[in-house]
Amino acid sequence: MPLEIVRNDITKMTVDAIVNAANESLLGGGGVDGAIHYAAGPELLAECKTLDGCKTGKAKITGGYNLPAKYVIHTVGPVYEDGKHGEKSLLESCYRESLALAKKHNCETVAFPLISSGVYGYPKDQALKVAIDVISVFLLENDMMVYIVIFDKAAYKISEKLFSDITEYIDDNYVDEHTDYRRESMRMNTPMAPMQASVGLFESDLCECKAMMAEEDLDAKLKHIDESFSQMLLRKIDEKGMTDAECYKKDNIDRKLFSKIRSDVHYKPSKPTAIAFAISLELSLDETEDMLKKAGFALSHSNKFDIIIEYFISKGNYNIFEINEALFAFDQSLLGA
Ligand code: APR
């Protein structure tokens, strides 16, 4: 995915350029500014002194010196007052100007901290939204790998209710392995082993299973049973009335990867990519599992990432930003932003 949200110390990122959340003097400070200067060494400050400062919303570039990154792009974010003093557009400008500089210097990989979300007080979830929105627009027209580096968990504010809802859903599903087999056999319409049947598959469950089978449009399933992942993906895009571009851009799936899948009927994507397509197409849980199966995967109840994805699909919530907030809150890797 060309945009990834990672948890790391930006000074450790091996990318072409890291972005520094500086102040207008460019003479260093605390926070990420202090960390970058400390890791880069005194030569960074020496070069910054030749730049004559930087205006808020603008960006300037220097070498990376002792950092693993080749360049440091210094940008100055707005000090957040109340959101009514042009803070958002200045913050957007920081990302746009930094990306333009990175492009001008042929950077292929860039890492951003959450600009203004520390000392400058920009609410972290809003700062993250601005970052994702501006970077995503840039990536529609430009080929670059961009990381948003989150240094502390506070960056994601997930509501207490959502957190406890998901925790409960995980507890119900994560520990309840036995009924997992029941659910699986209902879905696969295969008879359960007698032992499983005696482990609490009551009469009512059997009726439910038959009702589910009656409901399922079996011949529709059989019609597509030997369809490849790629064929199902393209069929679903058509059925949803989406264009290819709408599908892969919606969840920030790499354009080149999409054209690979489109041109190779037997292409097998990674599991996160297959899930990202399912979210983008807003597939039901059954359709998601069907699509994953065609790529050789299944949503597993012994995997918290999968259970959280299942939670959101079962709630009909396909908002990639909210899904990532939840994944992050449970220390899981994120879907392409
Ligand atoms: N790697 C990645 N992110 C980091 C790191 C790090 N090593 N250290 C801090 N951060 C995160 C913070 O958690 C915050 O989310 O960077 C984000 C930006 O916080 P600040 O560094 O405080 O930057 P900002 O809010 O833009 O304030 C800029 O602070 O350090 C001074 O000189 C700087 O005056 C300027 C002001």
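Dipole of the stretch 76-167, Cα-centred, from +1 at each Lys and Arg C-beta and -1 at each Asp and Glu C-beta, to the nearest 20 debye?
60
Using modelled amide H (1.01 Å from N, peptide plane; none on Pro or chain starts), what sits under 5 Å from the amide H of L3, excluding residues fewer than 5 places away?
Amide H neighbours of L3, under 5 Å, 5+ apart: V146, A337.
Per-residue counts of other Cβ atoms within 10 Å, averaged by peptide: what ranking do you get for 321-331, 261-271, 136-146, highest first?
321-331, 136-146, 261-271
Sorted by mean Cβ packing within 10 Å, highest first, what order do the peptides 283-294, 76-87 take?
283-294, 76-87
Hey, which lysines would be in cross-link range of K12, C-alpha to C-alpha under 26 Å, not counting anything within fewer than 8 residues on its own chain?
Reachable lysines: K49, K58, K60, K70, K103, K104, K124, K129, K153, K157.
Please report the antiparallel percentage of the DSSP beta bridges confined to the stretch 4-93, to the nearest 5.
45
Placing +1 at every Lys and Arg Cβ and -1 at every Asp and Glu Cβ, with all other atoms neutral, what dipole size does the stretch 294-337 have around its Cα centre, in debye to the nearest 20?
160
Going by C-beta contacts inside 10 Å, put T243, T56 in order with the fewest on the left.
With the sparsest Cβ surroundings first, the list reads T243, T56.
No lab work stands behind these numbers, since they all come straight from the coordinates. Because the structure is predicted, anything quoted here is derived from the model rather than measured. When we count neighbours, we look across all protein chains shown, and the Cβ atoms used for this are built from the backbone with ideal geometry, even at glycine.
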